[in-house]
Structure formats: structure tokens, C-alpha cells
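See structure below.
The values are calculated or read from the model by the stated rules, or taken from the named source; none is laboratory data. The model shown is predicted, which means the values in this text are computed figures rather than measured ones. Cβ coordinates were reconstructed from backbone atoms using ideal geometry, including for glycine residues, and neighbour counts include every protein chain displayed.
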Amino acid sequence: MFKRLGRQTVQLPSCPRVVSYAGVAGKKEGEGPLKERFDYISEDSYFGEKTWEKAESHMIRQCFSLACDKAGLAPSALDYIFAGDLLNQCVSSSFAMKDSQVPYFGLYGACSTMAEGLALAAMAIDGGFARTTCAVTGSHFCSAERQYRFPLEYGGQRPPTSQWTVTGSGVVILGTSGSRLKITHVTTGAITDAGIKDANHMGAAMAPAAHRTLRAHFADTGRSPADYDAIFTGDLGAVGHDILQALFDAEGVKLGVNYMDCGVLMYDLSTQDVHAGGSGCGCSASVLGAHILKAMEAGVWDRVLFAATGALMSPTSAQQGDSIPGICHAVAIEREAE
């Protein structure tokens, strides 16, 4: 059976099921609008470790353990783990998973990593290559600042368009059976370069990629924004959120009030001094694991399009004046009727 719809989308006839999920957050994130939704909020930015990088790894490992515990599964029950993060060589996720002894795929999709991992985890099950898989990612404000910008001690000023890297992690376990939540479609993004070179303007760099992927999803599936109870982009923030809406408005397409961005949902933009909102691998991942899937299970939404976005840059490429290519992967999640 040929499962491809159009150029970028595949339909998953077996509809891999969500078995379990979890979302962990740092102190600042735990003070935001979603504070009641997280499975765990740390009051210690170091998560009991000695460095920011070790803290990030600890947080990811903790979130993974929570998801396994909620499912009543030992890590050995997993056929594959798909994991990644923002740090060089994806060390926080690989160190977090090194003792699991589960076949492991390391991924780098920047802030789109949760959607990328979830897509591949679902496709592995639908293809008959696995029965149980897991998508894992996370990010930490302090480790990201040290790698991509300046150490915290530098105290540099941040422009209004800048975003705050979320200290958070998200994990989703999929299986051939489980809850009534199922993965039905995956739209893989194509790299889109809008020519943006400002590393403090990520929303503008990623919004065209989100536009391209969502357009492809609607064209390939024959669906429209109205066919979804909610559409979530990954971490465009307030600036990118408005740019994406403007791009669709110019084509006569209304995303409507059901379109939300995880980077906007994470913080109270009026009181938490995060400027344009949240970003980082942990942004969309923790919102998915702590908020979106819980709300779907509760019947708030029956059909959701989760479209995480990423900026495919490195410190070196930014310092050399290169533009920032964007990527966006979309996963359709549906709640089966009782």
C-alpha cells in the first residue's frame, strides 16, 4: 500500500497510538500560564547537578522516566528511542539515554526536534519495524545561552524580537495500542531560507518554513485549517506567530482563533520578561507532553495539528554572517470516538 499523499505528507493507516507522555519544566516555566499542567517543576535550575549541561541531561532523563512510569513500561520494552537537543553533538539527550540500553537514533532538528522524533517514531511503527517507540527532547535556558549567544555573566541586552529558551523537556511513547489518541498523518518539512541573519529574530526566520509545511499539509491531505480543532506551531513566539498569520492572510486563508503557538503559550508575555516568547527544543515538547495531549484526552480537542519549527543554524554559521534556514515538521493527532 502506497502511503504517500502529495509531495510531503504520508498517511499512517495503522494509526500508531499514544501510550504515554510527560512534560517537565524549570522554575520560570512553572510560573507561567501552564504551571498546573506539568508533571514536574524544578525549583533548582541545576536539577541537582554541577553544570547547566548536566542539568539539561538530568531533566531529559527525568522526563523519560516519568513517561515510562506512567505507562508502566520498563525502558527495555521500547524498540527505538528517537532523541535530540540543541547542544553540540546532542550530548544532553545521548547522555540522558545512555543507560537505557534501547536502540537509539540521535536527531537534530533544532527546535523542531519533537515533531521530527514523533514523526519518525510513528512511521517506524506504521512501517512494521517497531511495536513501541519513544520521542524525547529538551532544552535548558542556561546551556543554550552559553552555546548560542553569551554566558549569563555577560549580561547582554536582548532586543524585543528575541525569545527565551525554555528549560523543559517532553517525552511521548507510541505503540500499536494504547489510548484513543492516534497519529494519522506526517508532513515532513523542507528547508526554507528567508534570508534572515539576525539570531535574535528567530520568529521571522522560522515562520516561512511553518507556512510552507502547513500549506503542503493542507494541499496534500485536502484539509483546511477549519478541519482542525487546534493548530500549534512550535516556537515562533509572538513575532513569528503574527508573521505566519499574515502570510496566510495574504493568500486569503484564515488560520483562525484555533491557531496557537507554544512559545506564546509557555509564558505570560506581559509579566515574565521573555520578550517575544519561548523557544528551544523543550518549548513545543513540554507543551505537547504537559498540555496538548492532556487536553485531547480530556476531550477538549479531537483533531490537532502539531507543527514544531526549528532554526537550522550554529554559532559558527551565525558568526560568519550566514542566513538562518528554517524547518517545520507537522504531525496530525486525532482522538478516536468512544
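Couple of notes before you dig in:
- Across region 171-216, the number of residues qualifying as without any contact (Cβ under 8 Å) to a residue 60 or more places away in the chain and either among the small types (Gly, Ala, Ser) or touching a strand residue (DSSP E or B) at 6+ places or on another chain (Cβ under 6 Å) (or both) comes to 1.
- Number of positions in region 20-75 that are part of a loop (DSSP other than H, G, I, E, B), in contact with a Cys (Cβ under 9 Å, 6 or more places away or on another chain) and among the charged types (D, E, K, R): 1
- Looking across region 76-127, not a single residue is out of contact with any strand residue (DSSP E or B) (no Cβ under 6 Å at 6 or more places or on another chain), assigned to a loop (DSSP other than H, G, I, E, B) and among the aromatic types (Phe, Trp, Tyr).
Results for (1) crowded, with 24+ Cβ neighbours inside 10 Å; (2) modelled with pLDDT of 95 or more; (3) in contact with a helix residue (DSSP H, G or I) (Cβ under 6 Å, 6 or more places away or on another chain), shown as yes or no for each residue.
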position: MET97; (1), (2), (3): no, yes, no
position: VAL102; (1), (2), (3): no, yes, yes
position: SER112; (1), (2), (3): yes, yes, no
position: GLU116; (1), (2), (3): yes, yes, no
position: ASP126; (1), (2), (3): no, yes, no
position: GLY138; (1), (2), (3): yes, yes, yes
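- In summary, GLN157 fulfils each of the numbered conditions (1) on the phi < 0 side of the Ramachandran plot; (2) touching a residue at least 24 places away in the same chain (Cβ under 8 Å) with the single exception of condition (2).
- Those residues of region 236-286 which are at pLDDT 95 or above, under 11 Å from GLN163 (Cβ atoms) and hydroxyl-bearing (Ser, Thr, Tyr), in sequence order: TYR267
- Taken as a whole, the condition of being buried (at least 19 other Cβ atoms within 10 Å of the Cβ), closer than 30 Å to LYS70 by Cβ and aliphatic (A, V, I, L, M) applies to MET266.
- Restricting GLY189, GLY168, GLY203, GLY175 to those that are within 30 Å of LYS28 (Cα to Cα) and modelled with pLDDT of 95 or more reduces the list to GLY168.
- Flag for LYS254 being of a type in the set (D, E, K, R), closer than 20 Å to ALA25 by Cα, in contact with a Phe, Trp or Tyr (Cβ under 9 Å, 6 or more places away or on another chain) and in the same structural domain as VAL186 (by TED's automatic domain parsing): no
- Which listed residue, of ALA330, ALA290, is of a type in the set (A, V, I, L, M) and in contact with a His (Cβ under 8 Å, 6 or more places away or on another chain): ALA330
- Qualifying positions in region 243-263 - acidic (Asp, Glu) and surrounded by 15 or more Cβ atoms within 10 Å (Cβ to Cβ): ASP261
- Taken over region 18-32, the criterion of being basic (Lys, Arg) and either under 18 Å from the mean Cα position of the chain (by Cα) or surrounded by 20 or more Cβ atoms within 10 Å (Cβ to Cβ) (or both) is satisfied by LYS28 alone.
- Test result for THR233, of a type outside the set (Asp, Glu), modelled with pLDDT of 95 or more and crowded, with 24+ Cβ neighbours inside 10 Å: yes
- Only listed residue being of a type in the set (A, V, I, L, M), out of contact with any helix residue (DSSP H, G or I) (no Cβ under 6 Å at 6 or more places or on another chain) and touching a residue at least 40 places away in the same chain (Cβ under 8 Å), chosen from ALA219, ALA246: ALA219
- The set of residues from region 315-326 being at pLDDT below 90 and either surrounded by 15 or more Cβ atoms within 10 Å (Cβ to Cβ) or among the acidic types (Asp, Glu) (or both) comprises just one member, ALA318.
- Residue within region 90-106 that is in contact with a Cys (Cβ under 7 Å, 6 or more places away or on another chain) and more than 14 Å from SER169 (Cα to Cα) present: yes
- Within region 225-241, residues that are without any contact (Cβ under 8 Å) to a residue 60 or more places away in the chain sit with their Cβ atoms under 6 Å from residues that are of a type outside the set (Ser, Thr, Tyr), at 6+ positions apart or across chains, in these pairs: PRO225/LEU255; PRO225/GLY256; ALA238/VAL264; ALA238/ALA276; ALA238/GLY277; HIS241/ASP261; HIS241/VAL264.
- In summary, helices (runs of 4 or more DSSP H) completely within region 259-338 and bearing 2 or more residues that are within 28 Å of LEU5 (Cα to Cα) and not assigned by TED's automatic domain parsing to the domain that holds ASP39 occur at 281-287, 293-297.
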